[in-house]
Amino acid sequence: MRTAFFGSQPSQAAQIRSWCQRGARVPAHRAFPLLLVVSELVTNAWLHTASGTECGRVRVQMRHLPGRLVRIAVTDDGPRPGQGVCLPRLSPEADALATCGRGLRLVDRLAVEWGWEGEPGRPLTVWAHTDPYAPVPDTVGA
């Protein structure tokens, strides 16, 4: 298993994707689903948890599973101070022109399965299992 910690700056997104692509050990054109999934999971951590505050961080882990699956897991810093608990869940279908609200829908369409673990009110880990060799669904951008 590979593990890395990244800070709270969205400018680190490219570094996170590069780290994942190197660790995936698949041809670059096959890494797209994994890179999109990790981008969405990290962005959600930055937007909805203390990971997005000054001095926040995310832990990203990658592990190869039996078959062709790659597990990517993002652990946040827990809820933002003074804010309620925000649990990962699929939102209702978003307007096709909306600029946000589709992150976990993309993860749901690109991953074989996904979920979260942890105790509400504490740091949570959101994980996804992707198959880099599976065809990308036509509806991924819908």
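The values are calculated or read from the model by the stated rules, or taken from the named source; none is laboratory data. Keep in mind the model is a prediction, meaning the values are calculated, not measured. So basically every Cβ, Gly included, is an ideal-geometry build from the backbone, and we count neighbours across all protein chains shown. Note: areas computed on protein heavy atoms with side chains; ligands, DNA, RNA excluded. Shrake-Rupley method; radii C 1.70, N 1.55, O 1.52, S 1.80 Å.
Things to note:
- Coordinate range of the alpha-carbon atoms in the chain per principal axis, descending: 43, 35, 28 Å.
- The simple spin-label model puts a point 7 Å past each Cα toward its Cβ; for Ala14 and Glu117 those points are separated by 3.4 nm.
- Backbone amide hydrogens, once placed in the peptide plane, bring Gly78 within less than 5 Å of Ala50, Ser51, Leu124, excluding anything fewer than 5 places away on its chain.
- In the context of the full set of protein chains, the chain has a per residue accessible area of 55 Å² (1.4 Å probe).
- For the stretch 103-142, fraction of C-alpha pairs farther apart than 14 Å, in %: 52 percent
- When the alpha-carbon atoms of the stretch 19-74 are used, the pair Rg, Dmax equals 12.4, 39 angstrom.
- Per-residue ellipticity at 222 nm computed for the chain from its helices equals -8000 deg cm²/dmol, with DSSP H segments shorter than 4 residues left out and the rest contributing -39,500 (n - 2.57).
- Potential lengthening between His29 and Val136 on full extension [0.36 nm per residue; Cα-Cα distance subtracted]: 37.4 nm
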